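One structure below.
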């Protein structure tokens, strides 16, 4: 899942239209592979963002509100905890590097630039 797209359902205070539009924009960027649409594709890109935003609003309005209400601070805390776990995994997976373990750099071959 794209890390910049966040859960929008069942928040207190409720999810804003701006948050839904931002999520829709990220989704369209991910699916299209474009950060910005070209001049020729701008209308289709903007229409897709509006369509996804409307679908998101409709979906969130139709979903049953569960007992557990999310807060933005609570979600930030969960994200920080996930990042700490990810950092620990990366640190454990990283090989120990020492100056003696680094390979010696070889001289450049004639005619090649480094």
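Numbers for the structure displayed
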read-out	value
Evaluation of residue 60 against (1) in contact (Cβ under 8 Å) with a residue 40 or more places away in the chain; (2) assigned to a loop (DSSP other than H, G, I, E, B) (one fails), failing number	(2)
From 48, 54, residue being part of a helix (DSSP H, G or I) and more than 20 Å from the chain's Cα centre (by Cα)	54
Failed item, numbered, when residue 37 is tested on (1) in contact with a helix residue (DSSP H, G or I) (Cβ under 7 Å, 6 or more places away or on another chain); (2) without any contact (Cβ under 8 Å) to a residue 24 or more places away in the chain; (3) assigned to a helix (DSSP H, G or I)	(3)
Residue that is farthest from the chain's Cα centre (by Cα), among those in the range 1-25 that are under 21 Å from residue 78 (Cα atoms), touching a residue at least 24 places away in the same chain (Cβ under 8 Å) and in a helix (DSSP H, G or I)	20
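All of the numbers you see were taken from the coordinates with simple rules; none came from a lab. All values derive from a computational prediction rather than experimental measurement. Positions of Cβ are backbone-derived with ideal geometry, glycine not excepted, and every protein chain shown enters the neighbour counts.
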